[in-house]
Amino acid sequence: MSIVVDSKLHSAFGARITGLDITKPLSDGAASDLKALIDEHHLLLVRGSERCLEPKEQQALMSNFGEVETWLAGMDAGPDPSARGVFRTVNKPSGGGAAELINAGTTGWHHDGLYRGVPTDYVSYHIIEVASSGGDTLFSHAQAAYEALPDKVRARLDDAWAIHGYQDPQKVRHGMSAHRMVRPHPRSGRKGLYVGLSGPPSPGTLIVLGMSPDERAEMFSYLDQFLRAESLMYRHRWQAHDLLIGDNISLLHIAELADPSKQRVMHRVTVAGKPDYSVQQTFTP
């Protein structure tokens with residue numbers, strides 16, 4: 001059975017696909033089909049799987065797209081210590097002894113791995129336990145948003161560089177990076193926003209070179225609302241076993257807080273992109 005688009009998720013991007021059994025290894029043809037569909041739709045939803053993937057299975061699935069990024073000890077998902085490419089986020093401690101971050105990605109729009117010198121390319125999000133309420137993930141299209149910005153705002157961002165990293169002193173060791181806030185997509189060449197409006201505990205944009213803290217705060221407040229426009233934003237309401245596979249450079253996202261009365265668990269796996277030092281630099285503080 002071939003992979004086909006069942007329905008659109010949003011008018012600007014996203015598609016639900018059928019014909020893919022994520023619990024089985026991908027053939028070379030299926031992997032190529034998925035890459036082509038991601039380039040076309042930017043975000044793919046696989047829904048209706050009989051079970052959740054084990055961490056190793058999700059990592060193996062994403063290895064079809066390139067080199068899976070690994071995490072430093074204490075940031076990888078567990079409970080399988082060999083699945084170092086799986087990042088586990090929860091809305092409250094799960095008590096299972098696994099390494100996990102609480103409410104990661106809830107403090108602002110961002111691209112995953114923004115603090116890395118080489119941008120994350122592909123990403124997958126797999127819901128392990130669904131919240132009783134809340135916990136939706138919002139996605140906004142980075143290229144369409146850039147193109148829709150007023151000329152004055154685009155001109156201010158076009159040549160701007162930003163420094164990204166963790167604001168938590170205990171996590172600064174994970175590194176920092178400098179990226180242009182507008183970058184061409186590595187495959188399509190289409191220009192889009194590349195920003196992190198997050199605050200602690202997530203990494204975010206710490207400094208925008210040439211902008212005062214007040215101007216940066218004003219710009220980020222403006223972008224936060226702009227990215228929520230109906231023409232740009234898709235809200236994903238999670239169902240059991242959902243898997244999203246997406247293009248991290250084309251999409252910004254933010255997770256909403258989930259009701260703490262019930263556990264919410266998400267596993268994420270990311271794939272490294274290719275370096276382009278005309279739009280990025282990395283360093284260790």
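Quick note: the coordinates plus some simple rules give every number you see, no bench work behind them. As the structure is a prediction and not an experimental result, all values here were calculated from the model. Positions of Cβ are generated from backbone atoms using ideal geometry, with glycine treated the same way; all protein chains shown enter the neighbour counts.
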Put a dot 7 Å past each Cα toward the Cβ at residue 63 and residue 167; how far apart are the dots in nm? 3.8
With the dipole of the chain defined by +1 on each Lys or Arg Cβ and -1 on each Asp or Glu Cβ, the option from 130, 271, 211 whose Cα lies farthest towards the positive pole is 211
Expressed as a rounded percentage, what relative contact order does the stretch 4-283 have, with Cα pairs under 8 Å and six or more residues apart? 31
Among all stretches of the chain without exposed trypsin sites (Lys or Arg not before Pro) (DSSP loop, at most 12 other Cβ atoms within 10 Å), which one is longest? 52-236
Taking only DSSP H segments of four or more residues, each worth -39500 (n - 2.57), what value at 222 nm results for the chain once the sum is divided by all its residues, to the nearest 500 deg cm²/dmol? -5500 deg cm²/dmol
Can you list the HN-Hα couplings for the stretch 120-126, worked out from phi with the Karplus curve (6.51, -1.76, 1.60; θ = phi - 60°), rounded to whole Hz and with x for Gly and Pro? 5, 9, 9, 8, 10, 10, 10
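How big is the Cα convex hull of the chain in projection, averaged over all directions, in nm²?
Numbers: hull surface 57.3 nm².
Over every viewing direction, the Cα hull of the chain projects on average to 14.3 nm².
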So how strong a dipole does the chain carry about its Cα centre when Lys and Arg Cβ are +1 and Asp and Glu Cβ are -1, to the nearest 20 debye? 180
Go through the stretch 220-237 residue by residue and turn each phi into a ³J(HN,Hα) via Karplus (6.51, -1.76, 1.60, θ = phi - 60°); whole Hz please, and just put x for glycine and proline. 5, 5, 5, 5, 4, 6, 4, 5, 8, 4, 4, 6, 10, 10, 10, 9, 9, 9
Reachable lysines from residue 35, Cα under 25 Å, same-chain residues fewer than 8 places away excluded? 8, 24, 56, 191, 274
Taking every pair of alpha-carbon atoms in the stretch 7-51, what share in percent sits in each 5 Å bin, from 0 to the bin with the longest distance? 5, 21, 29, 25, 15, 5, 0
